[in-house]
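The structure appears right after this line, and notes come after that.
Every read-out reported here was derived from the displayed coordinates using simple, explicitly stated rules and does not represent laboratory data. Just so you know, these numbers come straight off a predicted model, no measurement behind them. Please note: Cβ atoms are built from the backbone with ideal geometry, for glycine as well, and neighbour counts cover all protein chains shown.
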Amino acid sequence: MTNGKIALIGFGISNKAVYENLKCYGYPFLVRSSKEIRVPSGVELVFGDSYLDTEEDIIFRSPSCMPYKIKGKGHITSEVAFALSHISCGKIGVTGSDGKTTASTLISKMLCAEGKNAFLCGNNGDPVINYMGKVRKSDFLVCELSSFQLTDLAPALDCGVVTNLTPNHLDIHSSYEEYVYAKSNILKNARRGVINFDCSESRRLSAYLKGGGELTFVSLSYENVRGINNARLVYVRDGYIFCDGERIIPLSDIRLRGEFNLINVCLAIGAVYGHVSAENIKNAVRDFYGVSHRMEKIASKDGIDFYDSSIDSTPSRTIATLSAFDKEKTIVILGGYDKNLSYDCLGDGMEKMKYAVICGANSEKIYGAIKDRCDCALCDSFTESVKIAYRMAEKGDSVVLSPASASYDAFENYKEKSKKYIEIVRGL
C-alpha cells in the first residue's frame with residue numbers, strides 16, 4: 001500500500017478500526033485532529049488549526065471530513081472505500097435520507113432466512129473494514145451508507161439501494177446538490193440499482209446507474225409504475241406486494257407500522273429477489289417488528305404508551321413516524337442539534353397533533369415552524385420535556401420521542417439520548 005506514513009484524520013469509530021486492522025502490517029500511523037485527543041502508544045499526534053495540511057502518502061479521512069478540505073499530495077481515501085475495494089463477496093449498499101437502517105436490516109434478515117451468511121455493517125456502527133479477510137465470496141455484506149461515506153466511494157457494489165432523498169447534513173455538505181451527488185455514488189459502479197420510484201428525488205438518481213446495470217423501481221401503487229418496461233418492478237396491488245408479477249407477501253403479514261415501512265419492505269425485496277425465495281422473504285418479514293430506536297415501544301404507565309424514535313434525525317423522518325400514530329392522541333418530543341435544515345415542513349406534520357414539547361439547540365427554529373399549527377411548549381432541559389409530555393398525556397395517549405434533529409447538542413449520539421429517555425420514563 002505505501003512505505004510512508006498513513007494519516008488518520010480524526011480518531012473516531014472508522015479510523016480506530018483502520019488502525020486496528022492495519023497496524024499488524026507495520027505501517028507508521030499519524031493521527032491528525034483539530035484538538036488534542038488520546039491516541040495509541042507509538043502513534044504520533046498532530047493537532048491544531050493546520051491539522052488538515054497533510055504530508056503523508058495515504059490519508060484516511062473521517063466520514064464527516066470532506067475530501068476537498070484536506071490539503072496535500074497524498075492519496076485520500078476512507079475506511080469504507082478502502083475496505084470495499086479489498087473485500088470479495090456479495091456487497092449490497094443502502095442509502096437515503098430515511099429508512100436506511102430498516103431497509104438494510106430487512107435485507108440481511110431475508111438473506112439469512114435463505115441460509116446465507118449476511119453481515120450488517122457501515123453507518124450502523126460496525127466498520128466495514130472489520131470484515132477484511134473474514135468473509136467468503138459466497139457471503140454478503142449489507143452496508144448502510146451515509147452521504148459522508150459515499151463521498152469518495154469508487155468500488156463496485158453488487159446492488160445499490162436508494163430509499164428517499166430530502167435535505168440533510170447541510171451543516172457538513174456545502175449544499176443540497178453536494179449531498180445528492182454524494183448519494184449518487186452508490187449507483188455509479190453498481191451492477192444493480194433498487195430505487196424508490198415514489199420519491200422523485202430518488203428516481204432521478206437512476207440516471208447514474210452505469211450502462212447495462214439492472215434497474216428495479218419500487219412503488220406503493222401499481223398505477224405509478226404500470227407501463228415501465230426498462231426496469232424490474234416491485235409494487236403494492238390488491239393487498240399484496242408483487243415483484244415482477246409474482247405475488248410475494250400479503251400486507252396483513254407485515255408487522256411494521258406506516259406506509260414508509262412498506263417502501264422499506266419493497267426495497268428489501270427488490271435487493272434480494274433472485275437470491276432469496278418468496279417463501280423465505282415472507283418468513284423474514286413476518287418475524288420482523290422493527291429496529292431499535294425507531295417507533296420502539298419502551299414502556300406503558302397509567303395507560304400511556306411511551307415510544308422511542310430517537311433515530312429520527314430529520315423533519316421528514318419525524319413526519320413519517322407521526323403519520324403512523326393517531327395524532328389527536330399523541331404528544332411528541334422534538335429538538336436537538338441543528339444540521340442547518342429547514343423545519344418549515346414540520347408544520348403540516350403537526351396538524352391535529354395533541355401537543356408538542358421542544359428542547360435543544362434548535363428549539364427556537366422548530367417552535368417558529370410549528371407554533372401556529374399545534375399547541376406546543378419550549379423547555380430548558382430534556383428531562384423537563386419528558387415530564388411535561390407525561391403531564392399532558394391521558395390514558396390511551398402516546399408519548400413519542402421523535403426529535404427531527406440529531407442529538408449531538410447534549411448527547412454523544414441518539415442511542416445515548418434514548419438511554420436517558422428510558423431512564424426518565426422509568427422514574428416518572
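Descriptive notes on the structure:
- Counted by Cβ distance under 12 Å from K5, the other residues give a net charge of -3, where Lys and Arg count +1 and Asp and Glu count -1.
- Annotation for region 250-314: chymotrypsin sites (Phe, Trp or Tyr not before Pro) lying in DSSP loop with at most 14 further Cβ atoms inside 10 Å of their Cβ are Y289.
- Each of E423 and R257 was given a label point 7 Å from its Cα along the Cα-to-Cβ line. The distance between the two points is 2.6 nm.
- Centre-to-centre separation between the Cα atoms of region 197-238 and those of region 329-407: 35 Å.
- Rounded to the nearest 20 debye, dipole of region 42-82 from Cβ charges on Lys, Arg, Asp, Glu: 220
- For the chain, built as a Gaussian network whose Cα springs stay under 10 Å, the top-fluctuating residue of P155, P28, P403: P28
- Distant-in-sequence amide H partners of V400 (H built 1.01 Å from N, under 5 Å): Y307, I331, V332, I333
- Among the trypsin sites (Lys or Arg not before Pro) found in region 307-400, those both in a DSSP coil and sparsely packed, with 10 or fewer other Cβ atoms within 10 Å of their Cβ, are K395.
- Under 5 Å, built H, 5+ apart or other chain: amide partners of I304: G396
- Modelled label reach - D238, point 7 Å along Cα→Cβ, region 245-280 residues with backbone N closer than 14 Å: 245-251
- Distance from region 11-82 to region 282-302 (C-alpha centre basis), Å: 38
- Inter-probe distance in nm under a simple model that places probes 7 Å from Cα toward Cβ, at M132 and A377: 5.3
- Of the trypsin sites (Lys or Arg not before Pro) found in region 147-252, those that fall in a DSSP loop while having at most 14 other beta-carbon atoms within 10 Å are K210, R226.
- Set K339/K365; K327/K371; K100/K387; K35/K69; K183/K415; K109/K134 screened for pairs whose C-alpha atoms are more than 22 Å apart: K100/K387; K183/K415
- Approximate spin-label separation K23-Y222, in nm, with each point projected 7 Å along Cα-to-Cβ: 5.9
- Of the residues I195, V162, C112, the one whose Cα sits farthest towards the positive end of the charge dipole of the chain is C112 (charges of +1 on Lys and Arg Cβ, -1 on Asp and Glu Cβ, taken about the Cα centre).
- Counting Lys and Arg as +1 and Asp and Glu as -1 over every other residue whose Cβ lies under 14 Å from the Cβ of V162, the net charge comes to +2.
- Dipole check for the chain: with +1 at the C-beta of Lys and Arg, -1 at the C-beta of Asp and Glu, and the Cα centre as origin, the magnitude is about 840 Debye.
- Long-range amide H partners of F47 with built H, under 5 Å: S33
- Residue among V180, F140, V218 farthest towards the positive dipole end of region 72-218, charges placed on Cβ: F140
- Additional length obtainable on full extension of the chain from F47 to E394, 0.36 nm per residue less Cα span: 119.6 nm
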